[in-house]
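Notes to accompany the following structure.
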Amino acid sequence: MAKQRLGSPRGRLFVALDLPDPAREAVAAWQARELTDPRLRPVPPENLHLTLVFLGWQAEKDFGRIAEAALGDPRLPPAAPLVELLPDPVGRPRGRRPGLFTLEARAPAVSELQGTVSDRLERARFHEPEKRAFWPHLTVARVKPERRERGEAAGGRRSRRRGRPAVVERWPGPLGGTPVRFCPTRLVVFRSHMRPSGARYEPMAELELPTAETR
C-alpha cells in the first residue's frame, strides 16, 4: 500500500457552488450571532459552499479529466441557479446529539445542476451516485466531540479519548430578517486539505455561470 501511495499521489476532491460575497457575509453575520455554544465549531466563512458531488480520494494524474467531466463544455455553461436558504437551522443527524448544523436550501435548479454534474462524472467513471436523494444545504457548524475517560494513564493521570458529539445546550436560532437569496456563479472543483486546525479548500478548476443579466 505504501509503494502504491508513493507512486500514485492522491487528493480528496469535491464539486461545489461557491457563495457570492453578499450571501457569505449574511451567513457569517448569523454565525457570529447564533453559534455561541462552546461545543459548536463554526465553519469558517471562506469555507462555506453548496456541495454537489463528493468524489473522495482521486489520483492526482486524473485531476484534469475530472475537472473536464465535472465542469462540462465551457462554451455552454448552465445558468447560475437561484438559491434561497431556509431560515431554521437543522441538526444532522436529527435528535439530541447532532454532529453538525446546516442551513437547508430551497433550490430546484441546484438539484438539476447536481444531477447533470453527477451524470457526467459517472459516465467518466469517477463517481458512483448515492442512492439517497440529493440534499442541498450549507454546513454551518460541526459539534465538538465529548471527551470520555479511558482509564488510568502513567503517573496516575487519566487519558481521554474522543467520543460521540457533545450535547449542544444553546441551539442556534433562525436566520431572521430578509430571506437570504442568491445566484452562485462559480462552479468549482475543490481539493480538500485536512489539517489539525481545520480543512482548507483549494480550488483546482472552476466555471463561471452566467446570470440572467449576463447572458
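The values are calculated or read from the model by the stated rules, or taken from the named source; none is laboratory data. This structure is a prediction, so every number in the text was calculated from the model and none was measured. Cβ: placed from backbone, ideal geometry, glycine included. Neighbour counts: every protein chain shown.
Contact list please: Cβ distance under 6 Å, first residue in region 75-102 and free of Cβ contacts under 8 Å to residues at least 40 places away in the same chain, second residue outside any strand (DSSP E or B) and surrounded by 14 or more Cβ atoms within 10 Å (Cβ to Cβ), pairs at least six apart or on different chains.
Going by the 6 Å Cβ cut-off, the qualifying pairs are ARG92/PRO98.
It is to be established whether one or more residues within region 28-39 are of a type in the set (S, T, N, Q), in contact (Cβ under 8 Å) with a residue 12 or more places away in the chain, over 21 Å from LEU113 (Cα atoms) and surrounded by fewer than 19 Cβ atoms within 10 Å (Cβ to Cβ).
Scanning region 28-39 turns up at least one residue that is of a type in the set (S, T, N, Q), in contact (Cβ under 8 Å) with a residue 12 or more places away in the chain, over 21 Å from LEU113 (Cα atoms) and surrounded by fewer than 19 Cβ atoms within 10 Å (Cβ to Cβ).
So is GLY72 in contact with a strand residue (DSSP E or B) (Cβ under 9 Å, 6 or more places away or on another chain) and on the phi > 0 side of the Ramachandran plot or not?
yes
From the list ARG162, ARG195, which one is at pLDDT below 95 and within 20 Å of the chain's Cα centre (by Cα)?
ARG195
So which residues in region 122-144 are in contact (Cβ under 8 Å) with a residue 60 or more places away in the chain, farther than 13 Å from ALA16 by Cβ and not in a strand (DSSP E or B), if there are any at all?
PHE126, HIS127, LYS144
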